Amino acid sequence: MGNCFGCCPDAAVDEKPPSPSKGTKNATAGGGGGGAGRQEYTRWPMAGDSGGGDGAGRQEYMRWPMAGDSGGESGQVLDVPRLRVFTLAELRAVTRGFKPEMVLGEGGFGTVYKGWADERTLNPAKSSAGVVVAVKKLNPESVQGLHEWQSEVNFLGRLMHPNLVRLLGYCSEDRELLLVYEFMPRGSLESHLFRRGAAFEPLTWSIRIKIAIGAARGLAFLHSSERQIIYRDFKASNILLDADYAPKLSDFGLAKNGPIAGKSHVTTRVVGTYGYAAPEYVATGHLYVKSDVYCFGVVLLELLTGQRAHDLNRPSHQHNLVEWARPYLTGGRKLTSLMDQRLAGNYPPKAALRAAKLANRCLCGDPKSRPSMDDVVAALKEIESIETATKGRRDLPPRAPVVARRSPHRSSSKP
Ligand SMILES: Nc1ncnc2c1ncn2[C@@H]1O[C@H](COP(=O)(O)OP(=O)(O)OP(=O)(O)O)[C@@H](O)[C@H]1O
Ligand SMILES: [Mg+2]
């Protein structure tokens, strides 16, 4: 949720989300009972709720968010978050006591664990019977906390789209803050682009473009919602991949509502991740919807080059990928020498050049001159078709085993 520069006090949403316990209803699932598996449910109020006092037992299991439920192709924005409220004891059971073997990774907010829950009720389940979920638990030493957690609940809890990770529920108990997500079996794009090992086969050209298109669609959805949402933390580690490498955006801890009343930007503290943030935002704190487009341009460059946005292990003139790559994007230098070696030349040069030019437009210094995310999606679809028309579809990489892994903490450095 943001490997941040700057601390994040203003990462809080401007409209305070309802407190998790406020406005909720209790109902006993399955018509009461009292036998094993009985579950006291609390849920957020929902649009359409009449409050008509139909009594317990009317609670519909299917109203819980479900991992595969993405609100249809074009997505959906709910009026209020629809999330399962978990107790700490339940999440302990889901993750087998937060065992180290269950760790999927670690980020700025805390540790992410694998667990199992019943598909319908989201009760803790046996691994043989349940669906896999990911549980993110706040590290008490993290600079992140309540603000990011609330932001995640308030934004991601209301958003449904095929390219956004589904938030299933949350827990706030004994100062512990946790979030429960659908499980993304192939982990983050960052791992696949920059890590080595059996689980991280090089991504083919067609998969890179597929990831770019899906991630662009996720951003386009946020930007097109009635009150535009600025994601603010678009980066390779926040793009998670399903078993077929379809991408979904995660981590809405830094998300912000877009400008209103004819304004072009919102003014806010500068937080984000080094190497990704748009220059106007870093310089002035003015955050535009198009600031996300800049971040997208950086990730597109990462997909093309296999190089991190910011890397102090490279020679000093190459620390910042955008500065390093700029002359290659404008035709001043040969693009092939910058392309990811792991592609081994297996990409259509014309498509790569178009993608580089698109990245260059996204990285334009003036936010107004950057394309909209809808335009980016359209351009990427054309780039994808060049590939299919000239070379035919390339296969997925060999299906590497999907393993639980710990991602080492990354260190921050100057943008
Ligand atoms: N829903 C999920 N399914 C599977 N793995 C996940 C899921 N969410 C997170 N992970 C794993 O946990 C790791 C840490 O995620 P997290 O979002 O906490 O941090 P990050 O994105 O790596 O860093 P940052 O704090 O900068 O966002 C991810 O890189 C990924 O490998
Ligand atoms: Mg993240």
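The values are calculated or read from the model by the stated rules, or taken from the named source; none is laboratory data. Quick caveat: nothing in here was measured; it's all calculated off a predicted structure. Heads up, the Cβs are rebuilt from the backbone with ideal geometry, glycines too, and the neighbour counts pull from every protein chain shown.
For a quick check of your reading: which helices (runs of 4 or more DSSP H) sit entirely within segment 273-357 and have at least 3 residues that are among the aliphatic types (A, V, I, L, M)? Give the derivation first.
Values: elements: 279-284, 289-305, 321-329.
The qualifying helices (runs of 4 or more DSSP H) are 289-305, 321-329.
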Q. Out of all the residues in segment 81-122, which are within 16 Å of ligand 2 (Cβ to nearest atom) and either out of contact with any strand residue (DSSP E or B) (no Cβ under 9 Å at 6 or more places or on another chain) or aromatic (Phe, Trp, Tyr) (or both)?
A. 109, 113
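Of all residues being in a strand (DSSP E or B) and away from ligand 2 (no atom under 16 Å from the Cβ) in segment 232-266, which is surrounded by the most Cβ atoms within 10 Å (Cβ to Cβ)? Just the residue, please.
Within segment 232-266, the first condition is being in a strand (DSSP E or B), and the residues that meet it are 239-241, 247-249, 256-257, 266.
Retained after the next criterion (residues that are away from ligand 2 (no atom under 16 Å from the Cβ)): 256-257, 266.
Values: 256: 22, 257: 16, 266: 19.
Out of the qualifying residues, it is 256.
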Q | Filter result (free of Cβ contacts under 8 Å to residues at least 40 places away in the same chain and either buried (at least 16 other Cβ atoms within 10 Å of the Cβ) or among the polar types (S, T, N, Q) (or both)) within segment 267-286 | A | 267, 281, 284, 285, 286
**Q.** Count of segment 232-246 residues which are touching a helix residue (DSSP H, G or I) at 6+ places or on another chain (Cβ under 6 Å) and within 12 Å of ligand 1 (Cβ to nearest atom)
**A.** 4
Q) Given the structure, is residue 390 at pLDDT below 55 and either within 26 Å of the chain's Cα centre (by Cα) or more than 21 Å from residue 293 (Cα to Cα) (or both)? A) yes
(Q) I'd like the full set of residues that are more than 9 Å from ligand 1 (Cβ to nearest atom), among the aliphatic types (A, V, I, L, M) and part of a loop (DSSP other than H, G, I, E, B), limited to segment 162-203. (A) 198, 199, 203
Q: Just give me the residues in segment 135-159 being in contact with a Pro (Cβ under 6 Å, 6 or more places away or on another chain), part of a loop (DSSP other than H, G, I, E, B) and not basic (Lys, Arg), in sequence order.
A: 157
